[in-house]
There are 2 protein chains.
Amino acid sequence: MAAVNQVYIAIIGAGGVGKCFLSQLQALAARRPSPKLSLCYISTSRKALYNVDYSPVSLDGVTESLAASTQAPPPLAQVIDYLASAPAKVVLVDNTSSQDVADAYPLALSRGLSIVTPNKKAFSGSYKLWQDIFTASATSGAKVYHESSVGAGLPVISTLKDLVDTGDKVTKIEGVFSGTMSFLFNSFAPTEGQGGKWSEEVKKAKALGYTEPDPRDDLNGLDVARKLTILARLAGLPVESPTSFPVQSLIPKELEACASGDEFLDKLPAFDQHMEDTKAAAEKAGKVIRFVGSIDVATQQVKVGLEQFDRSHAIASLKGSDNIISFYTERYGSNPLIIQGAGAGGDVTAMGVTGDLIKVLSQIA
Amino acid sequence: MAAVNQVYIAIIGAGGVGKCFLSQLQALAARRPSPKLSLCYISTSRKALYNVDYSPVSLDGVTESLAASTQAPPPLAQVIDYLASAPAKVVLVDNTSSQDVADAYPLALSRGLSIVTPNKKAFSGSYKLWQDIFTASATSGAKVYHESSVGAGLPVISTLKDLVDTGDKVTKIEGVFSGTMSFLFNSFAPTEGQGGKWSEEVKKAKALGYTEPDPRDDLNGLDVARKLTILARLAGLPVESPTSFPVQSLIPKELEACASGDEFLDKLPAFDQHMEDTKAAAEKAGKVIRFVGSIDVATQQVKVGLEQFDRSHAIASLKGSDNIISFYTERYGSNPLIIQGAGAGGDVTAMGVTGDLIKVLSQIA
């Protein structure tokens, strides 16, 4: 019989967010005597650590033990089998951004495994996957939480769910959903003073670690489109995929085929004039440009791209790489409910995952 | 034996927030088949509706049925006895601002009744009451949630709890915690243009329904002090009471003894110069004054009163009667996590209560 006060934790992924989560999990397990949290599985794409008899993997020095492991991760279906047979409830923590792992959520949930994850892929892929996930969860009673899939640890998903669940009508969601885009436009088109050249701001952002290795993975707008897809679905719109609505890419057509991010950055200066013109047009109207996403629930319009804002607008006066998300609802009227702060970074992303884990534990343990 | 999928709801209070909550509860019960929510008790200070055999009170037209009731509310200890003997789990919803009801929370929780409430009194009264409440909850396993005790339905309490529970270190909390004060200073000392006279702004706020019947109940700062007490305690500071730290009252000493709010308003214009001087001093420094609360966790300093802010500061550029709460933490670094929006009003306050109810149901049903 399962020990009532024990919960097994299984973790896939031990990269940037994964390492921060491990450190938060260790502190959480030390701080909370009940339920007892035991790590029963951890893997990267190449290595795994687990015991067939479910005896716990020590959290002390787990990163090192995992690096030294000679076990390869079994196929996902086999991992799910192993976890579903565990002698206590299991929470699967997916700290990857893998579509393969996301595709396995319906199976995992139907086998009674609860899931917490910052992985956007499961919730912003096909609408069928979304439906399969929440149907499996409703049927088995296993929980699925993904706060960090939008705005990292900021309470974005939970707030939207609360609005919807308590019967408010969300009319519009608008905001800056990418730390990279926030940093780029706060520097390129600041509310006070002059920004640098566009290509130079992109290079600077990359040097500071604010972009993906290939900056085009930020500039194509897909990351923002994925987040919008998630929020739109939570607000009740059956958005088919992150490519089923207008998304403005900031990659010049001519540079889409560049073989590498470095080649892209080398050639980008030749296209600075277009961004300069866009900025100047906004300045003429006393405004600044920002890369935003918006969801108009009534007209079912979702879009991602550049828009102009008054310098005094909250979206214009954002700092650093902060995100801002405004919820316009029937109850809140003309002044939206606003959430603002760091929307990227290992520690704050892991915090959203840990917070979700605590919520799941309060329901299953 | 208790039906596993049934939860009884008991409600004390059917005023402004209470009526909005009833309407949200009715919609929630209609929307969610499980758990089945049955109203087993509702009372105002003069009337009550309940059946000794726990057969449900209909939510349809309950306000009218309650008004027509000839039952008087039994003493609280008796109500708790009745609820603790119910044949299913019970959530007690306290929609009053009564200290007496708050004082009964430890007893209710120890008898297994979960509590959701916007009532600040329980959490901002003596530190002993705070301790008794959370000890009773930890011992019995009954839940207690009070999101709407600070910032109405804004996710303030839940966010602070998540920060603390996931192991972040909150260093400072700062904000505008009163819709009344927000409205008054956004009008009296706007970031652009000139505000009116102080006494006239107070009169206008009262006429618009933004103040208590006697505006001194807002201007004494106690409401903000209560909210700060709650947040400081959640951040780990053992604040003894809302009068154990500096709170600036905006009531001139000479008017404290006025017999009524009307007499106070009549005499207030004679004291306009002091507020005018305070505003002018800030303007000289290029700033505006706002009525804020702040908690410095490291130095354990809590204070409430007027402070100067740059016109571009988020606290200065607040709109209408909005609240803003900034959490400075180790993980979030120099840019705080910010929550902003309406912090008062029946519907949004009730929304916080309904949201809490949903969270409790997910844990007990």
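The values are calculated or read from the model by the stated rules, or taken from the named source; none is laboratory data. Because the structure is a prediction, the values reported are computed rather than measured. Backbone-built Cβ (ideal geometry, glycine too); neighbour counts: all protein chains shown. We work out accessible area using only protein heavy atoms, side chains counted, and drop any ligands, DNA or RNA first. Shrake-Rupley method; radii C 1.70, N 1.55, O 1.52, S 1.80 Å.
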Q.
Given the criteria surrounded by 15 or more Cβ atoms within 10 Å (Cβ to Cβ), in contact with a Pro (Cβ under 6 Å, 6 or more places away or on another chain) and under 25 Å from A:Thr349 (Cβ atoms), does A:Val7 qualify?
A. yes
Q: Run B:Ala282 past the list (1) within 30 Å of B:Asp162 (Cβ to Cβ); (2) touching a residue at least 24 places away in the same chain (Cβ under 8 Å); (3) hydrophobic (A, V, I, L, M, F, W, C); (4) more than 9 Å from chain A (Cβ to nearest Cβ) and report the number of the one that doesn't hold.
A: (1)
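Residue-by-condition table, conditions (1) in a loop (DSSP other than H, G, I, E, B); (2) more than 30 Å from A:Val164 (Cβ to Cβ); (3) within 18 Å of the chain's Cα centre (by Cα); (4) at pLDDT 95 or above:
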{"residue": "A:Thr211", "(1), (2), (3), (4)": "yes, yes, yes, no"}
{"residue": "A:Leu231", "(1), (2), (3), (4)": "no, no, yes, yes"}
{"residue": "A:Ser241", "(1), (2), (3), (4)": "yes, no, yes, yes"}
{"residue": "A:Phe245", "(1), (2), (3), (4)": "yes, no, no, yes"}
{"residue": "A:Ala259", "(1), (2), (3), (4)": "yes, yes, no, yes"}
{"residue": "A:Glu263", "(1), (2), (3), (4)": "no, yes, no, yes"}
{"residue": "A:Asp272", "(1), (2), (3), (4)": "no, yes, no, yes"}
{"residue": "A:Glu276", "(1), (2), (3), (4)": "no, yes, no, yes"}
Q) For B:Ser326, all conditions in the list (1) buried (at least 17 other Cβ atoms within 10 Å of the Cβ); (2) within 14 Å of another protein chain (Cβ to nearest Cβ); (3) under 20 Å from B:Gly196 (Cα atoms); (4) small (Gly, Ala, Ser) hold save one; what is the number of the exception? A) (3)
Q) In region A:202-217, is there at least one residue being open to solvent by less than 30 Å² (accessible area, probe 1.4 Å), of a type in the set (Phe, Trp, Tyr) and closer than 14 Å to A:Ser321 by Cα? A) no
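Can you find a residue in region A:66-76 that is within 23 Å of A:Ile358 (Cα to Cα), modelled with pLDDT of 95 or more and more than 19 Å from the chain's Cα centre (by Cα)?
no
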Q. What tally of residues in region A:330-360 results from selecting those that are at the interface with chain B (Cβ under 9 Å from one of its Cβ atoms) and closer than 22 Å to B:Ile325 by Cβ?
A. 21
Q | Flag if A:Phe291 is under 27 Å from B:His313 (Cβ atoms) and among the aromatic types (Phe, Trp, Tyr) | A | yes
**Q.** Evaluation of A:Ile12 against (1) open to solvent by 50 Å² or more (accessible area, probe 1.4 Å); (2) in contact with an Asp or Glu (Cβ under 6 Å, 6 or more places away or on another chain) (one fails), failing number
**A.** (1)
**Q.** Subset of region B:161-198 that is away from chain A (no Cβ under 12 Å) and open to solvent by 50 Å² or more (accessible area, probe 1.4 Å) - its residue that is farthest from A:Ser312 (Cα to Cα)
**A.** B:Thr171
Q: Filter region A:10-34 down to residues that are under 17 Å from A:Ser65 (Cβ atoms) and among the hydrophobic types (A, V, I, L, M, F, W, C), then give me how many there are.
A: 8
**Q.** Residue selected from region A:129-160 under the condition open to solvent by less than 50 Å² (accessible area, probe 1.4 Å) and β-branched (Val, Ile, Thr), by the criterion farthest from the other protein chains (Cβ to nearest Cβ)
**A.** A:Ile133
Q: For region A:290-322, enumerate the residues that are at the interface with chain B (Cβ under 10 Å from one of its Cβ atoms) and either crowded, with 22+ Cβ neighbours inside 10 Å or under 18 Å from the mean Cα position of the chain (by Cα) (or both).
A: A:Leu318, A:Ser321, A:Asp322
Q. Name the pairs: first residue in region A:321-335 and within 22 Å of A:Gly153 (Cα to Cα), second residue open to solvent by 50 Å² or more (accessible area, probe 1.4 Å), Cβ to Cβ under 7 Å, at least 6 apart or on different chains?
A. A:Ser321/A:Tyr210; A:Ser321/A:Ala344; A:Tyr328/A:Thr171; A:Tyr328/A:Lys172
Q. Any residue at all in region A:264-272 that is surrounded by fewer than 18 Cβ atoms within 10 Å (Cβ to Cβ), among the small types (Gly, Ala, Ser) and more than 10 Å from every other protein chain (Cβ to nearest Cβ)?
A. yes
Q: Filter region B:183-204 for residues that are of a type outside the set (S, T, N, Q) and in a loop (DSSP other than H, G, I, E, B) and give the result.
A: B:Ala189, B:Pro190, B:Glu192, B:Gly193, B:Gly195, B:Gly196, B:Lys197
Q | Check on A:Pro118, within 30 Å of A:Val302 (Cα to Cα), out of contact with any Lys or Arg (no Cβ under 7 Å at 6 or more places or on another chain) and in contact (Cβ under 8 Å) with a residue 40 or more places away in the chain | A | yes
Q: Tell me which residues, restricted to region A:25-51, are of a type in the set (D, E, K, R), within 25 Å of the chain's Cα centre (by Cα) and surrounded by fewer than 17 Cβ atoms within 10 Å (Cβ to Cβ).
A: A:Arg46
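Given the criterion at pLDDT 95 or above and closer than 19 Å to B:Asn335 by Cα, identify the matching residue among A:Val164, A:Val150, A:Val170. Explain how you work it out, then say what you get.
Numbers: A:Val164 fails: closer than 19 Å to B:Asn335 by Cα; A:Val170 fails: closer than 19 Å to B:Asn335 by Cα.
It is A:Val150.
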